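Chemist: Right, I'll just put the structure down here and ask away after.
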Amino acid sequence: MVVKFDVVNPYAVAVAQFDAAAELMELPQGMRAILRQPKRELTVNFPVRMDNGKVKMFTGFRIQHNTNRGPTKGGLRFTPTISLDEIRALAMWMTWKCAVVDIPFGGAKGGVICDPRQMSLGELERMTRGYASEIAQFIGPNSDIPAPDVNTNPQIMSWIMDTYSTQKGYDVPAVITGKPLSIGGSKGRLQATARGVQATIREALLDLELIPELCSVVIQGFGNVGSAAAFLLSELGCKIVGLSNIHGGVYNPSGIDVAAALDYASIHESLTGLPETESVTNSELLELPCTVLVPAALENQIIRCNATRIKARLIVEAANGPTTPEADLILDERNVTVVPDILANAGGVTVSYFEWVQDLQHFFWSEQEVNKRLETIMGDSYRAVREKAQEYNVNLRMGAYLLAIARVVEPMRARGMGL
Ligand code: NAD
């Protein structure tokens with residue numbers, strides 16, 4: 001894969017990755033043109049009454065990338081910095097992710113420009129319901145099914161489901177996933193992304209002939225995904241030596257007690273000051289000595305400048321888009337294995353698919369059944385990606401792209417788009 005610059009616009013990264021794979025598989029130009037862009041983009045501006053009585057305008061997005069494998073699926077993020085290009089990239093990655101794990105969805109993504117940490121619960125609810133009303137015509141159980149992502153959670157999914165259902169006049173649980181169990185959520189959904197990360201780490205360590213009990217792990221991001229991954233990787237036998245959230249990180253080469261870290265962060269917000277650890281910045285954290293590095297925060301964390309200094313043997317991308325294409329090249333040269341986001345963090349959308357199926361059938365599964373099916377899909381997908389990578393003599397990211405693009409193109413051809 002030849003990419004010359006350290007591209008930091010996530011959409012440019014997503015397109016560069018797609019272009020490299022499309023070139024390798026000699027995809028017809030017409031197909032490339034369709035897949036390089038999202039199919040539909042919606043921007044909404046809407047008013048919210050704030051606690052001080054004043055009205056504030058908010059801007060939200062929902063983007064659907066491709067619908068040829070089924071309805072679109074993808075999370076919602078509430079952050080001050082989101083942009084159309086970020087959502088475009090994330091929607092495109094969702095298309096490939098759903099195809100890698102072979103579930104019948106295309107990709108979508110959405111969100112609102114806001115800082116939930118600066119809002120009261122009432123303001124957050126009114127804003128969420130306002131956004132849900134605005135996108136209600138664009139989403140639906142047969143067309144586009146949102147889910148949680150950065151700064152969104154089961155409570156926010158409930159408000160969206162309730163607002164949508166109120167508009168329809170009856171309950172529509174299958175319009176959104178990641179809901180609480182009491183309104184049609186799935187058992188196992190909260191930990192699903194992290195459980196998928198655990199499953200891919202287990203497979204990758206086997207390939208590298210490494211034993212979990214002898215591996216140290218550093219995790220950047222201690223939210224939904226990062227904190228659950230820390231618990232599940234400890235369960236696997238790994239030693240967690242570094243953790244961080246937006247406020248900074250902590251390090252202890254002898255191991256960190258994950259439950260104590262979670263308690264500490266819930267009281268202090270920051271992990272800094274956690275007993276028996278030394279403080280590190282988020283950039284120092286990425287360069288700590290460890291066997292496995294798990295970026296579980298945001299895009300563009302592993303870039304040209306730090307890729308040469310990363311000491312991990314294995315990087316497993318729990319976050320979406322944490323590695324730039326130029327960093328990828330450096331890591332390849334340094335023989336660092338990268339399990340790409342579109343495979344590593346696909347556990348979340350896989351159990352979201354299970355939730356949607358259960359909601360449509362009104363028939364709910366045990367947690368054991370959810371986890372068993374998830375682990376089968378993650379293991380099978382990892383091996384399918386590895387085989388594709390071996391067939392073309394490329395890295396796992398390119399293997400995942402080749403597998404996913406072929407699976408998206410097949411129904412396009414069947415529908416007559418033989419471009
Ligand atoms: P979250 O909001 O629950 O947690 C994000 C964490 O990252 C928080 O601990 C936050 O403090 C930290 N963070 C934010 N900015 C940071 C920075 N600059 N440096 C270090 N840490 C920072 O979000 P999440 O749901 O855990 O999502 C994390 C990543 O995983 C995102 O890239 C998301 O797209 C991806 N992902 C999430 C899911 C899911 O099911 N939630 C599924 C697939 C992929």
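The values are calculated or read from the model by the stated rules, or taken from the named source; none is laboratory data. Remember, it's a predicted structure, so these values are computed and weren't measured experimentally. In this analysis, Cβ positions are derived from the backbone assuming ideal geometry, glycine residues included, and neighbour counts consider all displayed protein chains. Quick note on the areas: whole protein, heavy atoms, side chains included, nothing else; ligands and nucleic acids left out. Shrake-Rupley method; radii C 1.70, N 1.55, O 1.52, S 1.80 Å.
Chemist: Taking only the range 161-185 into account, find how many residues are surrounded by 15 or more Cβ atoms within 10 Å (Cβ to Cβ) and either closer than 12 Å to Q358 by Cα or among the aliphatic types (A, V, I, L, M) (or both).
Modeler: Selection size over the range 161-185: 10.
Chemist: Can you pull out the residues in the range 375-401 that are closer than 17 Å to G348 by Cα and surrounded by fewer than 20 Cβ atoms within 10 Å (Cβ to Cβ)?
Modeler: Across the range 375-401, the qualifying residues are E375, T376, G379, D380.
Chemist: Of all residues in the range 319-329, which are more than 10 Å from the ligand (Cβ to nearest atom) and under 14 Å from Q301 (Cα atoms)?
Modeler: Taking the range 319-329 first, the residues more than 10 Å from the ligand (Cβ to nearest atom) are 323-329.
Across the range 319-329, the qualifying residues are T323, T324, P325, E326, A327, D328.
Chemist: To continue, here is another question. Which of the residues belonging to the range 200-223 are crowded, with 24+ Cβ neighbours inside 10 Å and of a type outside the set (S, T, Y)? Give the derivation first.
Modeler: Step one: filter the range 200-223 for residues crowded, with 24+ Cβ neighbours inside 10 Å, giving 200-201, 217-222.
Once the filter is applied, which keeps residues that are crowded, with 24+ Cβ neighbours inside 10 Å and of a type outside the set (S, T, Y), the range 200-223 yields I201, V217, V218, I219, Q220, G221, F222.
Chemist: Sticking with this one: Using the structure shown, decide if I113 is over 17 Å from the mean Cα position of the chain (by Cα), hydrophobic (A, V, I, L, M, F, W, C) and buried (at least 21 other Cβ atoms within 10 Å of the Cβ).
Modeler: Details: over 17 Å from the mean Cα position of the chain (by Cα): yes; hydrophobic (A, V, I, L, M, F, W, C): yes; buried (at least 21 other Cβ atoms within 10 Å of the Cβ): no.
When the stated conditions are applied, I113 does not pass them.
Chemist: Please list, ordered by first then second residue, the pairs with beta carbon atoms under 8 Å, 6 or more apart or interchain, first in the range 308-330 and closer than 20 Å to D85 by Cα and open to solvent by 10 Å² or more (accessible area, probe 1.4 Å), second of a type in the set (D, E) and within 16 Å of the ligand (Cβ to nearest atom).
Modeler: From the range 308-330, the pairs are N320/E299; N320/D341.
Chemist: Continuing with this model, one more query. Given the options A265, A319, A327, name the one that is under 24 Å from G196 (Cβ atoms), in a loop (DSSP other than H, G, I, E, B) and small (G, A, S).
Modeler: Numbers: A265 fails: in a loop (DSSP other than H, G, I, E, B); A327 fails: in a loop (DSSP other than H, G, I, E, B).
That would be A319, the only listed residue that is under 24 Å from G196 (Cβ atoms), in a loop (DSSP other than H, G, I, E, B) and small (G, A, S).
Chemist: If you don't mind, another one. I need the full set of residues from the range 39-67 which are open to solvent by 20 Å² or more (accessible area, probe 1.4 Å) and either of a type in the set (D, E, K, R) or under 23 Å from the mean Cα position of the chain (by Cα) (or both), in order please.
Modeler: Step one: of the range 39-67, the residues open to solvent by 20 Å² or more (accessible area, probe 1.4 Å) are 39-43, 45, 47, 49-57, 59, 67.
The answer is K39, R40, E41, L42, T43, R49, D51, K54, K56, T59, T67.
Chemist: Filtering the range 124-151 down to residues that are in contact with a Pro (Cβ under 8 Å, 6 or more places away or on another chain) and either among the hydroxyl-bearing types (S, T, Y) or under 18 Å from Q191 (Cα atoms) (or both), which residue is least open to solvent (accessible area, probe 1.4 Å)?
Modeler: P148
Chemist: Something else: I'd like the full set of residues that are buried (at least 24 other Cβ atoms within 10 Å of the Cβ) and within 19 Å of Q191 (Cα to Cα), limited to the range 229-249.
Modeler: Within the range 229-249, A229, A230, L233, C238, L243, S244 meet the criteria.
Chemist: Let me ask something else. Which of (1) at pLDDT 95 or above; (2) over 28 Å from A406 (Cα atoms) is the odd one out, the single condition D332 does not satisfy?
Modeler: If we test D332 against (1) at pLDDT 95 or above; (2) over 28 Å from A406 (Cα atoms), just (2) comes out false.
Chemist: While we're looking at this one, here's another question. Restricting attention to the range 278-300, which residues are within 19 Å of the chain's Cα centre (by Cα), at pLDDT below 95 and not aliphatic (A, V, I, L, M)?
Modeler: Hits for the range 278-300 are E299, N300.
Chemist: Among the hydroxyl-bearing types (S, T, Y), under 25 Å from G107 (Cβ atoms) and either within 11 Å of the ligand (Cβ to nearest atom) or in contact with a strand residue (DSSP E or B) (Cβ under 8 Å, 6 or more places away or on another chain) (or both), is that true of T163? Please lay out each step first, then the result.
Modeler: Values: among the hydroxyl-bearing types (S, T, Y): yes; under 25 Å from G107 (Cβ atoms): yes; either within 11 Å of the ligand (Cβ to nearest atom) or in contact with a strand residue (DSSP E or B) (Cβ under 8 Å, 6 or more places away or on another chain) (or both): no.
No; evaluated as a whole, the condition is false for this residue.
Chemist: Out of the range 291-301, which residues are part of a loop (DSSP other than H, G, I, E, B) and more than 14 Å from the ligand (Cβ to nearest atom)? If you could, list the steps in order and put the result at the bottom.
Modeler: First, pick out the residues of the range 291-301 that are part of a loop (DSSP other than H, G, I, E, B): 291, 296-301.
Hit for the range 291-301 is T291, nothing else.
Chemist: What number of residues in the range 176-222 are within 12 Å of the ligand (Cβ to nearest atom), touching a strand residue (DSSP E or B) at 6+ places or on another chain (Cβ under 7 Å) and not β-branched (V, I, T)?
Modeler: 4
Chemist: Continuing with the same structure: Does the range 124-140 contain at least one residue that is of a type in the set (G, A, S), part of a strand (DSSP E or B) and within 15 Å of the ligand (Cβ to nearest atom)?
Modeler: no
Chemist: Just to check your reading of the model, which residue among L271, L288 is away from the ligand (no atom under 12 Å from the Cβ) and either open to solvent by less than 20 Å² (accessible area, probe 1.4 Å) or without any contact (Cβ under 8 Å) to a residue 12 or more places away in the chain (or both)?
Modeler: On the way: L271 fails: away from the ligand (no atom under 12 Å from the Cβ).
Being away from the ligand (no atom under 12 Å from the Cβ) and either open to solvent by less than 20 Å² (accessible area, probe 1.4 Å) or without any contact (Cβ under 8 Å) to a residue 12 or more places away in the chain (or both) holds for just one of L271, L288, which is L288.
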